[in-house]
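The values are calculated or read from the model by the stated rules, or taken from the named source; none is laboratory data. The shown structure was predicted, so the numbers you read here are calculated from the model rather than taken from an experiment. With ideal geometry, Cβ positions are generated from the backbone for all residues, glycine too; neighbour counts draw on all protein chains shown. For accessibility, only protein heavy atoms count, side chains too; no ligands or nucleic acids. Shrake-Rupley method; radii C 1.70, N 1.55, O 1.52, S 1.80 Å.
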Amino acid sequence: MKVNPALLHKLEENKKILSTSMDGPSVSFAPNDLLKFNNNLFLLYHVMGSGYDYLTPIGCIIGGLALPMIPKFKDLTRLQAAGTGAIYAGGAGMGLGFLALMNARSKKEPKFPFDEAGMQNRVDGLTNNYRVRCMDLGVWLGVIAAGATLAYKRDPTMLGLSSGTFGRVQAVGLGSATASVLTNVYIAATK
């Protein structure tokens, strides 16, 4: 495969942008490793996952404080509203991440080239980025912990959440938000 010299030169110019080398302790596995077989899929997962990871705590706080004031959600407890807000904000974060990637791809001169070499370089950098790998792993562990708690209790109402699927989704939102905050604290303490 022949590499375009102009793109290779641009790649070298933007080395600082693309350089996301290991900037903390090693993280031996993160869920994004499962997508390294396809650069497009890896990058899509990264931008959508990052949006989810960072916006769930914000949605949790805003949801817990503001949702019960909205007539449609007035019957939700603060805990239920926090879980609902986390999922809404996380979903919005995923959508924003997707739109940001599409916007970057459509620019005449994106920050990094979206050819095979440029994407591989970006994937390699993200694969070695301590913060990215910690957040990916941490939030998934929060989702797993929420699922395990639900499996143990068998009914989300026993956790103070709504009944049925909606309560299970609230638990995932709360688990994600909690894990996101704790992971950021862990990153700050270990970096």
Under a 1.4 Å probe, counting only protein heavy atoms, Thr157 has an accessible area in Å², nearest 10, of 60 Å²
Heavy-atom accessible area of Lys107, protein chains in place, probe 1.4 angstrom, given in Å² to nearest 10, is 110 Å²
Put Tyr186, Tyr45 in order of accessible area, largest first, probe 1.4 Å, and you get Tyr186, Tyr45
Over 30 Å (Cα to Cα) among Lys108/Lys191; Lys36/Lys153; Lys36/Lys111; Lys36/Lys191; Lys36/Lys108; Lys36/Lys107 -> Lys108/Lys191; Lys36/Lys153
Over the range 66-110, with neighbouring protein chains present, the accessible area per residue in Å² at probe 1.4 Å is 63 Å²
Mean separation of Cα contacts under 8 Å (at least 6 apart) over the residue count of the chain, i.e. the relative contact order in percent, is 30 percent
Placing each pseudo-label 7 Å from Cα in the direction of the beta carbon, Ala117 and Ile144 end up separated by a distance in nanometres of 3.8 nm
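Return a whole-number percent for the relative contact order of the range 96-191, with Cα pairs under 8 Å and 6 or more residues apart as the contact set.
On the way: 64 pairs, mean separation 24.1, N = 96.
Taking the mean separation of contacting Cα pairs over the length of the range 96-191, I get 25 percent.
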Sorting Ile87, Ile62, Ile70 on solvent-accessible surface, 1.4 Å probe, most exposed first, gives Ile62, Ile70, Ile87
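Using only Cα atoms, what is the ratio of the radius of gyration of the chain to 2.2 N^0.38 Å? Walk me through the intermediate numbers first.
Numbers: Rg = 19.2 Å, N = 191, 2.2 N^0.38 = 16.2 Å.
Dividing the Cα radius of gyration by 2.2 N^0.38 Å gives 1.18.
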Of the accessible area of the chain, computed with a 1.4 Å probe and all protein chains kept, carbon and sulfur make up a percent value of 66 percent
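In what order, largest first, do Met102, Met69, Met135 sit by accessible area if the probe radius is 1.4 Å?
Values: Met102 80, Met69 145, Met135 5 Å².
Largest accessible area first, the list is Met69, Met102, Met135.
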